[in-house]
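Encoded as structure tokens, the structure appears first; notes follow it.
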Amino acid sequence: MDKIGNTGDTKTGDFYTRENWGGSDQPNIWSGDTISHIFPIIDFVLLPPDTTWGADDDTDIEYVYQHLL
């Protein structure tokens, strides 16, 4: 929810591009002017092989489809 565009009163600025990769994360719509202390750099998030990656609203059904395939 960092860069979702300018919608009504929510102003998040320009979307991230390749040039942002590896740079500082920007504040999201819930954090005010504070950047994430969990992932302060725009990068991949890798988990150990024995953990489960949680679904989000864009991929939950796709995981079910992949499992069925």
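The numbers here are math on the coordinates, done by the rules we state, and not lab data. As the structure is a computational prediction, the values presented were derived from the model and not from experiment. We place every Cβ from the backbone using ideal geometry, glycine too, and count neighbours over all the protein chains shown.
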Report, by residue number, each residue of region 30-47 that is in contact (Cβ under 8 Å) with a residue 12 or more places away in the chain and under 12 Å from the mean Cα position of the chain (by Cα).
-> F39, P40, I41, I42, D43
State which residue is surrounded by the fewest Cβ atoms within 10 Å (Cβ to Cβ) when the search covers only region 18-69 and only residues that are assigned to a helix (DSSP H, G or I) and of a type in the set (S, T, Y).
-> Y65
